[in-house]
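Chemist: One structure, pasted below without further comment.
No value in this document is a laboratory result; all are computed from the given coordinates. Just so it is clear, the model here is predicted, and its values are computed rather than measured. Counting neighbours? That spans all protein chains shown, and the Cβs are built from the backbone with ideal geometry, glycine included.
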Amino acid sequence: MTDTPVTHPRQPAEPAHPSGNDLHLDLPATGGRRAALMAALREAIRSGRLAPGTRLPPYRSLAADLGLARNTAAEAYAELVAEGWLTARQGSGTTVAERAEPAPTARARRPSARPGPVHDLRQGQPDAASFPRSAWLAAGRRALTAAPNEAFGPGDPQGRRELRTVLADYLARARGVRTDPDRIVVCSGFAHALRLLFDGAGAVLPAEANGPLAVEGYGLAFHRSLLAAAGVTTVPLPLDENGARIGELTDRPDVRTVLLTPAHQFPTGGPLHAARRAAVVDWARGRGGLVLEDDYDGEFRYDRQPVGAVQGLDPERVVYLGTASKSLSPALRLGWMVLPDHLVDRVLAAKGEREAWASALDQLTLAEFIDSGGYDRHVRRMRRRYRDRRDRLVAALAASAPHVAVSGIAAGLHAVLRLAPGTERSVLKAAAYRGLAVDGLADYRHPALAAGAVPAPDGLVVGYATPPDHAYPAALAALCDILPPPA
Ligand SMILES: Cc1ncc(COP(=O)(O)O)c(C=O)c1O
């Protein structure tokens, strides 16, 4: 099928019309001529190429240009006038009708978001009001001013070298990670890193690291679902006061990879005991397996120096996964993978030829932000602020609910409040009634964690970083209100 494009330059004598553009119509060479002309005109109007008020060429000249019979063009115009697409007025020719544009098809509306809670103590995000807007903007301005032209082209899937270079230094200094820029792959946060590692059910991880993935008995349900969607079976490791029970890995010869939050178990809050950190690396060496280290909030430790990364014990056996989501904002969607040498090319192959996720311009801004000391300053400021929030939470509980034990307070942006057995649901109901959003511990429990073998404590996961400063006292008061009296 060939098309017959015809162009009508606007006649200088004609009055100007809103569009003033050439009329170009594609008519299929075969089929009914009148129907084809009508369809082409409708399409030009629908797509906006012919705006309302646009004057059409006289049907005679259009017929001549398109090689149609005059009657065919005249009839097509007349029918489109009858359908309301065109308007014909004595003396002023045929124009596109003012209302000919079909109303844009209304998109099915998402049900309007429910009003947010009155008080928000859900874990999961840093204080959004404290994002360092001015410092970030200033870093962005400096970064873009200095950026070479190639930075504005398609991105390198490994990430900007400027960012990987400063990250290698920063992670070594602040988190005890051993790496160089070539082992770092920038990604769009931890969730993206998980997708990259597991998409295609093990396409990236070498065959010897495949099989079920051991995870901590408590973790983020969203991450479990993401892994399940990628076809990965997860095996929960029970937790005790020293963190995940690494010893139980020896009972699972089919498991070759384990995902841990060693600096600050999510969400229960303790660090993985030093002996277990060493044990999990020994296990990976002996098994030829891998440790995936989720270092989601490692910067925020209050009682002493942050616990260093397990990756430092063996960079060839540990994949270190970092993110800006807690230290800066989850809106940035920036994270970094520090990979054993043998995984770099595999992860890059999974990312594809061009960076499709992490904005190169945000990467440059983050690089400048870290390099200029802005990141360290922000983390130090937020550490003081979150420690103060944590202290106020502990003080409020001591004053009005001293029977409620609070744990996981040495680090991070959330704490766990233990509740009397069997009360979690009713406390959550009371919270909802009071307009307080807070999570129950049960939501985080791995469904396959054997019920009898490991107690399922009742509790609340309280995100004390979430509200802005001015809203925090009222949120704390609401929390204290809904806690049941001692049994
Ligand atoms: C346990 C855990 N890991 C990682 C992350 C970071 O995820 P992302 O980088 O995809 O925002 C979070 C949330 O911030 C988290 O709670």
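Chemist: Do me a favour and compute the ellipsoid semi-axes for the range 209-334 from its Cα gyration tensor, root of five times each eigenvalue, largest one first, whole Å. Working shown, then result.
Modeler: Details: eigenvalues 94, 64, 38 Å².
Working through the eigenvalues yields semi-axes of 22, 18, 14 Å.
Chemist: Apply 1/(1 + (r/R0)^6) to the Cβ-Cβ distance of Arg377 and Ala471, taking R0 = 25 Å, and write down the FRET efficiency to the nearest 0.05. Intermediate results must be reported in sequence, preceding the final value.
Modeler: Working: r = 25 Å, r/R0 = 0.98.
E between Arg377 and Ala471, to the nearest 0.05, is 0.55.
Chemist: When the Cα atoms of the chain are enclosed in a convex hull and the volume is divided per residue, what value in Å³ results? Each step should come with its number before you reach the end.
Modeler: On the way: hull volume 110.0 nm³, N = 487.
Residue-normalised Cα hull volume stands at 226 Å³.
Chemist: Continuing with the same structure: Once label points are set 7 Å from the Cα along Cα→Cβ at both Ala395 and Ala430, what is their separation, rounded to one decimal in nm?
Modeler: Going by the 7 Å Cα→Cβ label model, 2.4 nm.
Chemist: How long is the gain from Ala356 to Thr233 if the chain were fully straight, where each residue apart is worth 0.36 nm and the alpha carbon distance is subtracted?
Modeler: Working: separation 123, 0.36 × 123 = 44.28 nm, distance 2.76 nm.
41.5 nm is the gain from fully extending Ala356 to Thr233.
Chemist: Count the net charge of all other residues whose Cβ sits under 11 Å from the Cβ of Gln123, scoring Lys and Arg as +1 and Asp and Glu as -1. Mind dumping the intermediate values first?
Modeler: Numbers: positive: Arg122, Lys326; negative: Asp120, Asp297, Asp439, Asp443.
The answer is -2.
Chemist: Less than 12 Å Cβ to Cβ from Thr87, Lys/Arg counted +1 and Asp/Glu -1: what total charge do the surrounding residues give?
Modeler: Numbers: positive: Arg55, Arg89, Arg99; negative: Glu83, Glu98.
Around Thr87, the surrounding residues sum to +1.
Chemist: Taking amide hydrogens as modeled 1.01 Å from N in the peptide plane, which residues meet the under 5 Å criterion relative to Phe266, leaving out close sequence neighbours?
Modeler: Those lying under 5 Å, H to H, from Phe266 are Thr261.
Chemist: Could you work out the helix-only [θ] at 222 nm for the chain, with each DSSP H run of four or more residues adding -39,500 (n - 2.57) and the total divided by the number of residues, to the nearest 500 deg cm²/dmol?
Modeler: On the way: 13 runs with 172 residues, N = 487.
Computed ellipticity for the chain at 222 nm equals -11000 deg cm²/dmol.
Chemist: Still on this structure, please answer the following. Could you please state, rounded to a whole Å, how far the C-alpha centre of the range 393-451 is from the C-alpha centre of the range 46-89?
Modeler: When both Cα centres are located, 71 Å separates them.
Chemist: Also, I was wondering about something else. Take the chain, mark every one of the trypsin sites (Lys or Arg not before Pro) that falls in a DSSP loop and has at most 12 other Cβ within 10 Å, then report the longest stretch left between them, sites excluded. Mind dumping the intermediate values first?
Modeler: Numbers: sites that count: Arg99, Arg107, Arg109, Arg304, Arg354.
Longest run free of exposed loop sites: 110-303.
Chemist: For the range 210-215, take each phi angle, set θ = phi - 60°, evaluate the Karplus expression 6.51 cos²θ - 1.76 cosθ + 1.60, and give the result in whole Hz per residue in order, putting x for glycine and proline.
Modeler: 7, x, x, 9, 7, 10
Chemist: Using amide H atoms built 1.01 Å from N in the peptide plane, name the residues 5+ places from Thr234, or on other chains, whose amide H lies under 5 Å from its own.
Modeler: Amide H neighbours of Thr234: Leu213.
Chemist: Suppose every K and R has +1 on its Cβ and every D and E has -1 on its Cβ; what is the size of the dipole of the chain about the Cα centre, in Debye to the nearest 20? Show your work: numbers first, answer last.
Modeler: Details: 58 positive and 52 negative charges, 209 e Å.
Approximately 1000 debye in magnitude.
Chemist: Here's something else I'd like to know. Can you give the extra length, in nm with one decimal, that the chain gains between Thr145 and His403 once fully stretched, where that is 0.36 nm per residue apart less the Cα-Cα distance? Working shown, then result.
Modeler: On the way: separation 258, 0.36 × 258 = 92.88 nm, distance 5.68 nm.
Extra length available between Thr145 and His403 comes to 87.2 nm.
Chemist: Starting from 0.36 nm per residue, how many nanometres of slack lie between Thr250 and Ala221 once their C-alpha separation is accounted for?
Modeler: 7.9 nm
Chemist: For a footprinting-style exposure proxy, rank Ser188, Ser426 by other Cβ within 10 Å, fewest first.
Modeler: Details: Ser188 20, Ser426 13.
By the 10 Å Cβ count, ascending: Ser426, Ser188.
Chemist: Also, quick follow-up: By counting other Cβ atoms within 10 Å of each Cβ, how are Ile409, Ile184 ranked from fewest to most? Provide the component values of the computation, followed by the final result.
Modeler: Values: Ile409 19, Ile184 25.
Result, fewest neighbours first: Ile409, Ile184.
Chemist: Something else: Distance in nm between label sites at Ala29 and Glu98, each 7 Å beyond Cα in the beta-carbon direction?
Modeler: Result for the modelled spin labels: 4.3 nm.
Chemist: Under 5 Å between amide hydrogens, which residues at least 5 positions from Leu86 or on another chain qualify, with H placed 1.01 Å from N in the peptide plane?
Modeler: Those lying under 5 Å, H to H, from Leu86 are Val81, Ala97.
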